[in-house]
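What follows is one structure encoded as structure tokens, with my remarks underneath.
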Amino acid sequence: MHGYTWRTINLFVDMEQFLMSHSAQFFLIIIVAVVGFIVQARLQSVFKKYAKVAFPGGLTGREVAERMLCDNGIDDVTVLSTPGRLTDHYNPATRTVNLSPDVYNGNSVSAAAVAAHECGHAVQHARGYTPLKFRSAMVPVMTFSSSIVTWVIILGLVLINTFPALFWLGIGLLGASALFSIVTLPVEYNASHRAMVWLKDSGTLQGVEANQAREALSWAARTYLVAALSAIATLLYYLGFARRS
Ligand SMILES: [Zn+2]
């Protein structure tokens, strides 16, 4: 009993040192990853559930999108079907709302919510919504940056004592990626807000169905929140390395 207690105390001391020293940031990454896993699972189950819920009027995702664009005075955006699952997106370069077959042909609450959300991005584009402009400008830089950041960080750590600038370049790239994921937040939340306002004002979704659409879009938004937290946790982790080196 005595020994057991001592072992327990030692374990706590070890644990405390573990958290206080080099691994606190790593611990943060693990927590964010676990939360991310839970949010992703919840998102999938909520969308699956409401993909089975029909609503009065029974519009398909395509019809919802075309009506929302029309009501917002947008006539230069085309609604297309794109292959795959969860591949729905708005492309500002081609001015197209691309909906996956499930959403394009579907006439469920989930399909209506996704279609309206993507049109929310088209409305942002048409109105010159500043966070979207900023995000779009960052996309080409981020595509390049994300393809090299892992190697820059690894090489930077190897050469930390001889060529520290490389590691700091890696930190800069991680910082840009964190900034990008933060800028994504207002863009995503605002697109869902525009979607909900139109779905209700147009009478497309009402009462229970409107609340279900809001719930589905809220879980989608939370995945972006977790992605931003993950990018920040990764940045803090490598900054922790820099402090010890
Ligand atoms: Zn979006």
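Read-outs: derived from the displayed coordinates by stated rules, not from any lab. Since the structure is predicted, the reported quantities are computational estimates derived from the model, not experimental observations. Note: ideal-geometry Cβ built from the backbone for every residue, glycine included; neighbour counts use all protein chains shown.
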At q = 0.28, 0.31 Å⁻¹, base-10 log of I(q)/I(0) for the range 137-191 (Debye sum, equal scatterers on each alpha carbon): -1.02, -1.12
Relative contact order for the range 59-98, counting Cα pairs under 8 Å that sit 6 or more residues apart, in percent: 35 percent
Sorted peptide list for 71-84, 198-211, criterion being average Cβ within 10 angstrom, highest first: 198-211, 71-84
Gain in span if fully extended, LYS49 to ALA137, counting 0.36 nm per residue against the direct Cα distance: 28.1 nm
Over the chain: Rg over Rh, Cα atoms, Kirkwood Rh: 1.11
Proximal charge balance of SER81 [Cβ under 15 Å; K/R count +1, D/E count -1]: -3
Nitroxide proxy distance, nm - points 7 Å out along Cα→Cβ at VAL34 and GLN206: 4.5 nm
Contact order normalised by residue count of the range 25-244, Cα under 8 Å, 6+ apart, percent: 27 percent
Backbone HN-Hα couplings from phi across the range 197-209 [Karplus 6.51/-1.76/1.60, Hz, Gly and Pro as x]: 4, 5, 4, 7, 4, 7, x, 5, 10, 9, x, 4, 5
Inter-label distance for ILE154 and THR82, nm, one decimal - labels placed 7 Å from Cα along Cα-to-Cβ: 3.0 nm
Formal net charge of residues neighbouring GLU209 (Cβ-Cβ distance under 12 Å; K, R +1; D, E -1): +1
From phi via Karplus (6.51, -1.76, 1.60), per-residue ³J(HN,Hα) for the range 87-101 in Hz, x at Gly/Pro: 9, 4, 6, 9, 10, x, 5, 9, 6, 10, 8, 9, 10, 5, x
Computed helical MRE - 222 nm, the chain, DSSP H runs ≥ 4 contributing -39500 (n - 2.57), nearest 500: -26500 deg cm²/dmol
Summed side-chain charge close to HIS117 - residues other than HIS117 whose Cβ falls under 9 Å, Lys, Arg +1, Asp, Glu -1: -2
Mean Cβ neighbour count within 10 Å, used as a protection proxy, ranking 224-235, 161-172 highest first: 224-235, 161-172
Stretchable slack from GLU215 to TRP168, in nm (0.36 nm times residue separation minus alpha-carbon distance): 12.8 nm
Segment ASP75-THR223, extension gain: residue separation times 0.36 nm, minus the distance between their alpha carbons: 50.2 nm
Distance in nm between pseudo-label sites at VAL197 and LEU239 (7 Å out along the Cβ direction from Cα): 3.4 nm
